[in-house]
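Here the structure comes first, spelled out in structure tokens, and everything after it is commentary.
The values are calculated or read from the model by the stated rules, or taken from the named source; none is laboratory data. All figures in this text were calculated on a predicted structure; none of them were measured in a lab. Using ideal geometry, Cβ is built from the backbone for each residue, glycine included, and neighbour counts are taken over all protein chains shown.
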Amino acid sequence: MEKKIMLTGIRSTGSPHLGNILGVIIPSVSIANKNTKHSSCIFIADLHSMIQIESMTTIKNNTYQIAAAWLAFGLNIDNCLFYRQSDVSFVTELAWYFNCFYPYQRLVLAHAFKKEIKNSKKISVGLFTYPILMAADILLYNAKLIPVGKDQLQHIEITRCIANYFNKRIGKKLFVLPNAFLQKNMFVIGTDGKKMSKSKKNCINIFSSDEILKKQIMSIRTDSKSVKEKKNPETDYIMSLYSLIAPVDKIEIMKKKYLKGGYGYYEAKIALYEYIIHKFSSEREKFFSFIKNKSLLDHILASGAKKANRIAYERLNFIRKHLKFNPII
């Protein structure tokens, strides 16, 4: 039976916010820890991050925060490949092969590229060829299941197109055709009621200090109803966030307080803050411990890269052979 490899890449844009944790980290860690050994690849996409962040120091620091967050939520590194993208340089060679064969006209039609070109005057070649590097990340390991959001579906189609083209050209199944594993669209609202996003600056970061976390929660937008007035729990942003993390009995208690009146938004925000501190106390403690020990994080990522490089080396030599290149010495 063919082993189906799951692959997930996380751009190193800083510590994950609550939306990332609930929508990506917790479900992905659960899948990776249950999978058979080395059938999951989870990498920190620091090369991809270069299209968005110019400072390499920032990218490096962000990489530590991403690694610490995934480890804090219990990722079993003995059961999966957990590595830094830039530590497996074979991926950039494969991306070059794809660049030379994929039609320019098709890449121009990529939704993400068209969106960026509308909003920014500064467009790099890296941004343009982003889907090609993503394809190389996937096809280097012959990953079959790729957890993505709807915005990444076209990139998976591009990857499938590249794989199919090479398979036909070579006359051999060099690459497995990957499938998008569409993640449940867990809509986690930000402090302004819109989807939580770093770019919108409406995040709740559970890995910030108690003071900053409290400040973020206190900034959640509410209506102008007084403490005495009854409130609608169905349309309230505090209630929406509380409902994602608290147990049913506590959610019902808060709902009753909203409907009864005499319960202010300040009290609700304090309840949310205290529950986040309680619920994620272990993960926060582990995160801060990892961040203080960057040499350990370097060791963990280097160990993962060593395993990934062994697989990538064999795969790339297999690909080079069919492209009539000499094997890597």
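Residue-wise test of (1) in contact with a helix residue (DSSP H, G or I) (Cβ under 9 Å, 6 or more places away or on another chain); (2) surrounded by 22 or more Cβ atoms within 10 Å (Cβ to Cβ); (3) not assigned by TED's automatic domain parsing to the domain that holds residue 170.
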| site | (1), (2), (3) |
| --- | --- |
| 35 | no, no, no |
| 53 | yes, no, no |
| 69 | yes, yes, no |
| 84 | yes, yes, no |
| 89 | yes, no, no |
| 96 | yes, no, no |
| 105 | no, no, no |
| 110 | yes, no, no |
Within the range 10-59, of all residues that are of a type in the set (Gly, Ala, Ser) and in a loop (DSSP other than H, G, I, E, B), the one nearest to residue 241 (Cα to Cα) is 15
- Is it fair to say residue 112 is assigned to a helix (DSSP H, G or I), within 17 Å of the chain's Cα centre (by Cα) and aliphatic (A, V, I, L, M)? yes
Across (1) out of contact with any strand residue (DSSP E or B) (no Cβ under 9 Å at 6 or more places or on another chain); (2) closer than 23 Å to residue 323 by Cβ; (3) not basic (Lys, Arg), residue 78 clears everything bar (2)
Result of the Cβ filter at 8 Å on the range 120-135, keeping first residues that are more than 23 Å from residue 163 (Cβ to Cβ) and in contact (Cβ under 8 Å) with a residue 24 or more places away in the chain and partners that are outside any helix (DSSP H, G or I) and not small (Gly, Ala, Ser), at least 6 apart or interchain, is 124/51
The residue that is surrounded by the most Cβ atoms within 10 Å (Cβ to Cβ), considering only those in the range 164-178 that are free of Cβ contacts under 8 Å to residues at least 12 places away in the same chain and not in a helix (DSSP H, G or I), is 173
Taking residue 98, is it hydrophobic (A, V, I, L, M, F, W, C), outside any strand (DSSP E or B) and free of Cβ contacts under 8 Å to residues at least 24 places away in the same chain?
no
Within the range 299-329, residues within 11 Å of residue 90 (Cβ to Cβ) and outside any helix (DSSP H, G or I) come out as 328
Look at residue 171 and say whether it is farther than 25 Å from residue 108 by Cα, not β-branched (Val, Ile, Thr) and not assigned by TED's automatic domain parsing to the domain that holds residue 104. no
How many residues of the range 151-163 are touching a Leu at 6+ places or on another chain (Cβ under 7 Å) and either part of a strand (DSSP E or B) or at pLDDT below 95 (or both)? The answer is 0
Only one of 73, 43, 82 is closer than 21 Å to residue 18 by Cβ, under 14 Å from the mean Cα position of the chain (by Cα) and modelled with pLDDT of 95 or more, namely 73
*Before we move on, is residue 68 under 15 Å from residue 135 (Cβ atoms), among the small types (Gly, Ala, Ser), modelled with pLDDT of 95 or more and part of a helix (DSSP H, G or I)?*
no
Residue hits (the range 202-254; of a type in the set (Gly, Ala, Ser) and over 26 Å from the mean Cα position of the chain (by Cα)) are 224, 226
Looking at the structure I just gave you, is residue 85 in contact with a His (Cβ under 9 Å, 6 or more places away or on another chain) and closer than 26 Å to residue 123 by Cα? yes
Q) Within the range 286-300, is even one residue within 30 Å of residue 148 (Cα to Cα) and touching a Gly at 6+ places or on another chain (Cβ under 9 Å)? A) yes
